[in-house]
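Enquirer: This is the structure I have questions about; it appears just below.
The values are calculated or read from the model by the stated rules, or taken from the named source; none is laboratory data. Since the structure is predicted, the reported quantities are computational estimates derived from the model, not experimental observations. A quick note on method: Cβ atoms are made from the backbone with ideal geometry, for glycine too, and the neighbour counts reach across all protein chains shown.
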Amino acid sequence: MDLAIINSWVMTCEGKGLGIIKNGGVRVENGRIVFLGKMDEFNYKNAERIIDGKYHHLAMPGLINSHIHSILTLCRGAVHDIPEIEYIPKGLNFFAEHLTFEDFILGTKIAVIEGLKAGTTTFVEYGLGVAGLVNHIYKPYHLSVVPTEMINELSYYEELKPDELYNFHTGMGKAALRRANKLFKQFEDEELIKPMYGPQALDMLSLELLHQIKENAIQRHSKMHMHVAQGERERIQIKKRFGKNQTTVKVLENEDLLGNYLIAAHIHDTTHQERKLLVEKGVGMVGCPSSISKIDGIVPPLADYVELGGIAGIGTDEAPGTGHHNLFNEMKMASLLSKVNNKNPMIMPPWVVIKLATINAAKLLGLDHKIGSLKIGKRADIITIDLKKPHLTPIVSDPFCNLSANLVYSNKGNEVNNVIINGKPIMLESQLIDFNVQEILDNANERAEIIFKKGKEDWIKSGSQMVKYYENGFI
């Protein structure tokens, strides 16, 4: 489609700042940006579709969710305000174990709807059997996805007890790696589908398998995306398996498993020196501020990583943890939590966190030649935002532009009114084109009622902190 966005603020996310153009326009042909500039230079009148910003809209790059586990969305609200070490074994597992493949599909649809409505145009989908999600949702709805098959050597039938060394099952790991390799063959010619490898965590698979994944990732010019140093549970396992003085980062360094092929998620259980090492080795980072603050009571070290010169992105993790899949909220949380954590109001300013969800996220994934900013020749992944809202007003440009500050600190995400992926409109005037949203939400509520009831008895027997809330009438 030949499409033009006119009479708008434009935020390119190119250059040192955010590349803001007042009263600008963008033209798209065959899925690519062919014009970007001031309206007085723009010949747009023969475009097939014209989106008129009426001088109070912003056009900017679509957002990139660098870490999402969407299949757990039907368990939103199932576990919260509980010790981190109880989170999975005494919380989430009781309900997640009753999810079917159909529930995964339904949960992913909800996550995608929420994400699209809040401006996400690329999802780094991390989970088991992600090919099914791609074939049922991402591909038929023409969405951009980085499918990341989660690889571990754990049995689905064994209860994980953090104080006991996990048993590894070679067959499970090999099967997962085969699924991951199949993704590359299955979608190698797809513009909007770019697979990655997902070794789950150092405590969940053998070093032998991890080295094999590294070799495969390098050979395929891809990356491996792994949860790294994500808390007490992992720390206990690493010390049991590798020695009391060992940490995840130390083991990875000793094994030559740190490089620009690695994307490390979370890393909140690392020291400043370990983070400095990761940056020096070219490792990328993903932070999920809402999720980690809620699950662990810790602020992810995004600010430190960025200050050290590392490439980082942000993600929403999984709905039971983060509570949402809204990247505008993650921008705000990344900025505010970092300021409080560092007792420094100058940490993580708006122009930094906006890039964590756009061009820097694209660099993290090795996709910055295609997405992450508005530039002639790049793929047209574009969102527009209606700025004429009470909480975004006023927008001024003299003596300075307050647009980025209002966007980060005041935006709710629901002001996004148009979403374009690869030049194709996915949402127009706040209405998703191909999703029957109400039907999906109704089905989700029906299935969640069943899932929560199935997990109830075992959940109560666990005696977790959350069960105590329940027994005291708080939830």
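Enquirer: Select from the range 189-208 the residues that are in contact with a Lys or Arg (Cβ under 8 Å, 6 or more places away or on another chain) and farther than 28 Å from Lys424 by Cβ and write down the one among them that is surrounded by the fewest Cβ atoms within 10 Å (Cβ to Cβ).
Expert: Only one residue fits best here, namely Asp203.
Enquirer: Return the pairs, sorted by first residue and then second, in which the second residue is surrounded by 12 or more Cβ atoms within 10 Å (Cβ to Cβ) and not in a helix (DSSP H, G or I), the first residue lies in the range 334-345 and is among the hydroxyl-bearing types (Ser, Thr, Tyr), the beta carbons are less than 7 Å apart, and the residues are 6+ apart or on different chains.
Expert: Ser335/Met348; Ser338/Val299; Ser338/Ile347; Ser338/Met348
Enquirer: For the range 127-167, enumerate the residues that are modelled with pLDDT of 95 or more, out of contact with any strand residue (DSSP E or B) (no Cβ under 8 Å at 6 or more places or on another chain) and either within 25 Å of Lys214 (Cβ to Cβ) or outside the structural domain of His67 (by TED's automatic domain parsing) (or both).
Expert: Glu153
Enquirer: List the residue pairs whose Cβ atoms are under 7 Å apart, where the first residue sits in the range 219-238 and is in the same structural domain as Tyr197 (by TED's automatic domain parsing), the second is of a type in the set (Val, Ile, Thr) and part of a loop (DSSP other than H, G, I, E, B), and the two are 6 or more positions apart or on different chains.
Expert: Here the result reads Val228/Ile267; Ala229/Thr247; Ala229/Ile267; Ala229/Thr270; Ile238/Thr247, each pair linking the range 219-238 to a residue that is of a type in the set (Val, Ile, Thr) and part of a loop (DSSP other than H, G, I, E, B).
Enquirer: Quick check on Gly423: is it modelled with pLDDT of 95 or more and buried (at least 16 other Cβ atoms within 10 Å of the Cβ)?
Expert: Yes: the conditions hold for Gly423.
Enquirer: Looking only at residues that are β-branched (Val, Ile, Thr) and part of a helix (DSSP H, G or I) in the range 123-172, which one is farthest from Leu202 (Cα to Cα)?
Expert: The selected residue is Ile137.
Enquirer: Right, another one. I'm trying to understand the selection: among the residues of the range 1-41, which are part of a loop (DSSP other than H, G, I, E, B), on the phi > 0 side of the Ramachandran plot and at pLDDT 95 or above?
Expert: Answer for the range 1-41, where residues must be part of a loop (DSSP other than H, G, I, E, B), on the phi > 0 side of the Ramachandran plot and at pLDDT 95 or above: Cys13, Gly19, Asn30, Gly31.
Enquirer: Now for a separate question. Can you tell me which condition Ser338 does not meet? The list is (1) surrounded by 24 or more Cβ atoms within 10 Å (Cβ to Cβ); (2) more than 21 Å from Leu63 (Cα to Cα), and all the others hold.
Expert: Of the numbered conditions (1) surrounded by 24 or more Cβ atoms within 10 Å (Cβ to Cβ); (2) more than 21 Å from Leu63 (Cα to Cα), the odd one out for Ser338 is (2).
Enquirer: Which residue out of Tyr44, Tyr55 is of a type in the set (Phe, Trp, Tyr), on the phi > 0 side of the Ramachandran plot and either in a loop (DSSP other than H, G, I, E, B) or not assigned by TED's automatic domain parsing to the domain that holds Ile382 (or both)? It would help to see each step written out before you state the result.
Expert: Details: Tyr44 fails: on the phi > 0 side of the Ramachandran plot.
Checking each option against the conditions leaves just Tyr55.
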